[in-house]
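Taking it in order: structure first as structure tokens, then the write-up.
The values are calculated or read from the model by the stated rules, or taken from the named source; none is laboratory data. Note that this is a predicted model, so its numbers are computed, not measured. Don't worry about glycine lacking a Cβ; one is built from the backbone with ideal geometry, like all the others, and counts go over all protein chains shown. Each accessible area value is taken on the protein alone, full model and side chains, heavy atoms only, with ligands, DNA and RNA left out. Shrake-Rupley method; radii C 1.70, N 1.55, O 1.52, S 1.80 Å.
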Amino acid sequence: MGVFRNSPREAPRRKRSSSTTLQHLFNLESNKGSSNNTTDCCNGPVTNKQTDEEIMSLVCHCTTTIFTFVDDDLESPSAQEAKRVKLLQLLSIIKSLKRELPDHVVTSLVAMISANLFRPLPPTCNNNVRQPAPAEESEELASSLSPLWSHLQPIYDILLRLLIIVDPKSHHCRLIIDQQFLLSLLDLFQSEDPRERESLKNVYHKIYSKFTFYRAFMRKSMNDVLLHYAFEAEKNSGIGELLEIWGSIINGFTVPLKEEHKLFLMRVLIPLHKTKGMMVYHRQLAYCVSQFVQKEPMLGGLVVRGILRYWPITNCHKQILLISELEELVENISSDHYRRLALPLCTQITRCLNSWNSQVAERALYLWNNEMFVKMATSAIEEVFPVVVEGMEKNMKWHWSSSVKQLTENVKKMLEEMDPTLYDKCLQEIGHKDFVARQEETKRKARWERVELQAAMNTNNHHQHHQAILQPQTPPPTPPRRLPQYIVVSH
């Protein structure tokens, strides 16, 4: 070792020491990947005990020194930076480990993680009501970023690494990562910092995938959060992340689905369509719903009727999103439901294409380009055509947008080619309904005119009677006094 390869003095010894050299290389390689020792280039080999002591020293410092990043006068920036460096050092050590840590070290690590992560969150504004515009999005994102993230990020990385190396079957691991720990993690999803919610999503999903005995409890806990958001207080920033976790869980469900999972679809996912902040998490929600329908197409009818039940009245953005979701569902539901869903679905789409909002009307008209939607409509064509044709005629006559009128004209031609006789019959029925409606309007006006005339006569009579009461009545004149007449009797 350390001698030049072409040295003549060492050439005879090379063959004699070749086996020793190979064994030495094997030992070096095994020591490099071994979980028993680590090597320090300056101080030589470091034992597991020394590594554990170093970890405990760093953990003790990070547990006792906790910063809030609120008052710069009380918290030294140099001390904050020192803690960040120690957290990174601790993360580097744990990442390099390829062995299980002793129980007391794991307990201290979890205690340090709990002390730093589980904190009171500041009051959150209801940022789930609407989706911000691009100009506002950067400002809102900057205001929602937590100054604690420089400390939180390595702690989340430490927790994620710790979940990888611990044995979930050990009794000690169940004691330190218990149900209260999981509930505390779930509460942190209310954080406004999207970076923290993303890390929480990865940690929570890792626990769900590895700690299989907690899966039922974790599903129930997430259900409680979603139900509380949907029916009580629409204030939670982490609904999208929770639905992303649910999307991966639903993807692993086996067919046929359990009754518990079907109830989750109908009682939790469908009501989430009615909230004001649905636009923020609609992508994740639609993915979860579509996963259910793809696994069991017979659920499509229940899902479509549930969405129609919570259809928004004035929120145009939500209407556009729900039309897109319905279009995707129509492509996946069972054809056995087509006839039963054709009338309610086409009725709602017709209301949308009559909307004065041109974006909603155009999105509803584009739905007629979908072959599966047209196939569903034609499955109950005699019931659907009167509703749709009436909506088309209203658009052609009254809508203000020229682009909507042009799209309506295209759909109208398609419907006429589909069944000309039925289309003409619908037009005749519409004309008859208009004629009856005009007659009813004429009769209504005549009735109101009679009512107004009678009311005017009553008012006039009442006025005259009132005036007569107010005038003072003069007593009738007294008749002249008549003298008594005497009868003269002659004797």
Cα-based Rg (one decimal) and Dmax (whole number) for the range 216-299, in Å? 12.1, 35
Considering only C-alpha atoms, what is the centroid distance from the range 192-232 to the range 360-403, in Å? 41 Å
If I stretch the segment between Arg161 and Arg99 completely, what's the gain in nm (0.36 nm per residue apart, minus their alpha carbon distance), one decimal? 21.1 nm
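Where does the range 137-270 land on Rg/Rh, using Cα atoms and the Kirkwood Rh? Can you show the working numbers first?
Working: Rg = 15.9 Å, Rh = 16.2 Å.
The Rg/Rh ratio comes out at 0.98.
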Whole number in Å², please: accessible area per residue of the range 372-413, 1.4 Å probe, ligands, DNA and RNA not counted. 49 Å²
Can you flag which of Lys262/Lys425; Lys318/Lys413; Lys210/Lys276; Lys201/Lys274; Lys49/Lys169 are past 32 Å Cα-Cα? Lys262/Lys425; Lys210/Lys276
How big is the C-alpha Rg of the range 181-246 next to the rule-of-thumb value 2.2 N^0.38 Å, as a ratio? 1.04
For the range 246-378, report the convex hull volume of the alpha-carbon atoms normalised per residue, in Å³, without decimals. 98 Å³
Here, Met396 and Ala446, labelled 7 Å along Cα→Cβ, have an inter-label distance in nm of 3.2 nm
Between the range 312-353 and the range 100-122, how many Å separate their Cα centres? 49 Å
In Å, descending, principal axis extents of the Cα set of the range 399-463: 66, 28, 7
Tell me, what is the Rg over Rh of the range 367-429, with Rh the Kirkwood radius over Cα pairs? 0.96
Less than 15 Å Cβ to Cβ from Leu200, Lys/Arg counted +1 and Asp/Glu -1: what total charge do the surrounding residues give? -3
Charge context of Ser355, other residues only, Cβ under 13 angstrom, K/R +1, D/E -1: +3
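Expressed in nm to one decimal, what extension gain is obtained for the pair Glu198 and His172 from 0.36 nm per residue of sequence separation less their Cα-Cα distance? Don't skip to the answer; put the middle values down first.
Values: separation 26, 0.36 × 26 = 9.36 nm, distance 2.79 nm.
Taking Glu198 through His172 to full extension adds about 6.6 nm, to one decimal.
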With the full set of protein chains in place, find how many percent of the accessible area of the range 154-219 is carbon and sulfur; take the probe as 1.4 Å. 49 percent
Along the range 319-329, Karplus-curve 3J(HN,Hα) (6.51, -1.76, 1.60; θ = phi - 60°) to the nearest Hz, with x for Gly and Pro, reads 4, 5, 5, 5, 4, 5, 5, 4, 4, 5, 5
10 °C / 1.306 mPa s Stokes-Einstein diffusion coefficient of the range 60-103, Kirkwood radius on C-alpha pairs, µm²/s: 131 µm²/s
Kirkwood-based shape ratio for the range 157-199, expressed as Rg/Rh from alpha carbons: 1.04
Lys and Arg at +1, Asp and Glu at -1: add these up for the other residues within a Cβ distance under 15 Å of Met218 and post the number. +1
So what does Ser78 come to for accessible area, using a 1.4 Å probe and Å² rounded to 10? 80 Å²
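Keeping every protein chain present and rolling a 1.4 Å probe, give me the accessible area per residue for the range 159-243 in Å². Kindly include the intermediate steps, with their values, before the conclusion.
Working: 3580 Å² over 85 residues.
The answer is 42 Å² per residue.
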